[in-house]
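S.K.: Dropping a structure here in structure tokens format, bear with me for questions.
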Amino acid sequence: MSRIVYVNGEFLPEKDGKISIFDRGFLFADGVYEVTPIVNGKLVDYDAHMERLERSLKELKMAWPCTPAELRNVHEELVTRNDLKEGIIYMQVTRGNADRQFNFPKDAKSSLVAFTQVMALVDNANARTGVKIVTTPDLRWLRRDIKSVMLLAPVLGKQEAYEKGANEAWMVEDGKVTEGTSSNAYIVKDGKVITRPLSNRILAGCTRRALFRLAKEHGVQVEERAFSVDEALAADEAFLTSASQFVMPITEIDGHRVGGGQPGPVTRKLREIFLQEAQSV
Ligand code: PDD
């Protein structure tokens, strides 16, 4: 099926969506991105994603490619033109085109591309069984709070997971789990959710933020602290969150079953609450 994609001011059939070989995203990974979920044809938590985009751009001294209103319109048009009921919109801003030089080019204009991907977010079969994960060293730079397109370490981590028959890799630094290659990491012990506090070492997930709010509203306690792999192995439950997986139970870590090898009650409850809200947008 051919999609309609967006490239710098134009909606085009995907085969016509092209960027320059001088795009700094291509040459230097000099770009940032967002992934926003769509449920029932509606954008979920859009404002949180745009808030984070604004921060990523600011931290990299990169200009907005258009106005926030235009960007919202790009998202809505893509949903309409592709008749997208459920899935995600990927959008990427780069510092634009210029002859290759490391420092910021003076006259380059930020470039914007966006496209849709169909995905089963609500009725995701993995959520029924839970997923397997592996652990791997965190090889990334120290500005992981910026949602940069520089994703080679996560690509290698995810590939390692797939080669070991798992879905995700939790990255480990100084003996503690930082986060997943494309998700935030959580364990549950004695009914309490434990996850690493925000810092430059992890991405501030929009799903994480929504989860904190929903947990509070439903009386689920959350403690922000780093945890080790051993602690995760001894936990009652483990799960991950992201815009494309929402709340996803983890039932195996490095080949060891977690919480009896079944999605746990706290995780299931949080997924359900999250889905209810996403479907009521
Ligand atoms: N990844 N941590 C990392 C390193 C991520 O790449 C992501 C998201 C998250 C979760 O953030 P959010 O809840 O806002 O999706 C945490 C997206 C989905 C991706 O790269 O496809």
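Condition check ((1) of a type in the set (Phe, Trp, Tyr); (2) touching a Gly at 6+ places or on another chain (Cβ under 7 Å); (3) more than 16 Å from the ligand (Cβ to nearest atom)) across all residues:
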site: 2; (1), (2), (3): no, no, yes
site: 27; (1), (2), (3): no, no, yes
site: 31; (1), (2), (3): no, yes, no
site: 36; (1), (2), (3): no, no, no
site: 75; (1), (2), (3): no, no, no
site: 79; (1), (2), (3): no, yes, yes
site: 89; (1), (2), (3): no, no, no
site: 92; (1), (2), (3): no, yes, no
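S.K.: Looking at (1) open to solvent by 30 Å² or more (accessible area, probe 1.4 Å); (2) farther than 19 Å from residue 268 by Cβ, find the lone condition where residue 189 falls short.
M.R.: With respect to (1) open to solvent by 30 Å² or more (accessible area, probe 1.4 Å); (2) farther than 19 Å from residue 268 by Cβ, residue 189 is out only on (2).
S.K.: May I ask you to say which residue of 158, 176, 147 is away from the ligand (no atom under 13 Å from the Cβ) and at pLDDT 95 or above? Steps first, answer last, please.
M.R.: Details: 158 fails: away from the ligand (no atom under 13 Å from the Cβ); 147 fails: away from the ligand (no atom under 13 Å from the Cβ).
Every option except 176 fails the conditions.
S.K.: Let me ask something else. Would you mind finding the one in 267, 251 that is among the hydroxyl-bearing types (Ser, Thr, Tyr), more than 13 Å from the ligand (Cβ to nearest atom), over 20 Å from the mean Cα position of the chain (by Cα) and open to solvent by less than 50 Å² (accessible area, probe 1.4 Å)? So that I can check it myself, show each step before the final result.
M.R.: Values: 267 fails: over 20 Å from the mean Cα position of the chain (by Cα).
Criteria check complete, one pass: 251.
S.K.: Moving on to the next point. Residue under question is residue 241, and the condition is that it be within 10 Å of the ligand (Cβ to nearest atom), in a helix (DSSP H, G or I) and at negative phi; does it hold?
M.R.: Values: within 10 Å of the ligand (Cβ to nearest atom): yes; in a helix (DSSP H, G or I): no; at negative phi: yes.
Taking the combined requirement at face value, the residue does not satisfy it.
S.K.: Only one of 132, 106 is modelled with pLDDT of 95 or more and not polar (S, T, N, Q). Can you tell me which? Even if it seems obvious, please write down each step before you answer.
M.R.: On the way: 106 fails: modelled with pLDDT of 95 or more.
Just one listed residue meets the conditions, 132.
S.K.: Right, another one. Only one of these is surrounded by fewer than 21 Cβ atoms within 10 Å (Cβ to Cβ), closer than 30 Å to residue 117 by Cβ, within 20 Å of the chain's Cα centre (by Cα) and within 16 Å of the ligand (Cβ to nearest atom): 214, 203. Name it. Talk me through it step by step, then tell me what you get.
M.R.: Details: 203 fails: surrounded by fewer than 21 Cβ atoms within 10 Å (Cβ to Cβ).
Among 214, 203, only 214 is surrounded by fewer than 21 Cβ atoms within 10 Å (Cβ to Cβ), closer than 30 Å to residue 117 by Cβ, within 20 Å of the chain's Cα centre (by Cα) and within 16 Å of the ligand (Cβ to nearest atom).
S.K.: Would you please name the residue that is surrounded by the fewest Cβ atoms within 10 Å (Cβ to Cβ), looking only at residues in segment 128-147 that are within 17 Å of the chain's Cα centre (by Cα) and farther than 25 Å from residue 53 by Cα?
M.R.: 131
S.K.: Limited to segment 144-191, what total is found for residues that are touching a helix residue (DSSP H, G or I) at 6+ places or on another chain (Cβ under 7 Å) and not hydroxyl-bearing (Ser, Thr, Tyr)?
M.R.: Residues meeting the conditions: 13.
S.K.: May I pose another question? Give me the pairs, please: first residue somewhere in segment 17-43 and within 21 Å of residue 57 (Cα to Cα), second residue anywhere and of a type in the set (Phe, Trp, Tyr) and open to solvent by less than 20 Å² (accessible area, probe 1.4 Å), beta-carbon distance under 8 Å, and either six or more positions apart or on two chains.
M.R.: Correct list of pairs: 36/46; 37/246.
S.K.: May I pose another question? May I ask you to list pairs of residues, at least six apart or on different chains, whose Cβ atoms are under 8 Å apart, with the first in segment 148-161 being open to solvent by less than 50 Å² (accessible area, probe 1.4 Å) and part of a loop (DSSP other than H, G, I, E, B) and the second being at pLDDT 95 or above and near the ligand (Cβ under 10 Å from one of its atoms)?
M.R.: 149/33
S.K.: For segment 61-74, which positions are open to solvent by 30 Å² or more (accessible area, probe 1.4 Å) and over 15 Å from residue 109 (Cβ atoms)? Give the derivation first.
M.R.: Start the filter on segment 61-74 by keeping residues that are open to solvent by 30 Å² or more (accessible area, probe 1.4 Å), which leaves 61, 63-64, 67-70, 72-73.
Selection gives 68, 69, 72, 73.
S.K.: Looking at 222, 229, which one is of a type in the set (Val, Ile, Thr), over 22 Å from residue 45 (Cα atoms), surrounded by fewer than 22 Cβ atoms within 10 Å (Cβ to Cβ) and modelled with pLDDT of 95 or more? Don't jump to the end; show me each part of the working.
M.R.: Numbers: 222 fails: over 22 Å from residue 45 (Cα atoms).
Only one candidate qualifies: 229.
S.K.: Checking residue 80 against (1) open to solvent by less than 60 Å² (accessible area, probe 1.4 Å); (2) among the hydroxyl-bearing types (Ser, Thr, Tyr); (3) within 26 Å of residue 44 (Cβ to Cβ), which single condition isn't satisfied?
M.R.: (1)
The values are calculated or read from the model by the stated rules, or taken from the named source; none is laboratory data. As the structure is a prediction and not an experimental result, all values here were calculated from the model. Counting neighbours? That spans all protein chains shown, and the Cβs are built from the backbone with ideal geometry, glycine included. Just so you know, the surface numbers come from the protein's heavy atoms only, side chains and all, with ligands and any DNA or RNA stripped out. Shrake-Rupley method; radii C 1.70, N 1.55, O 1.52, S 1.80 Å.
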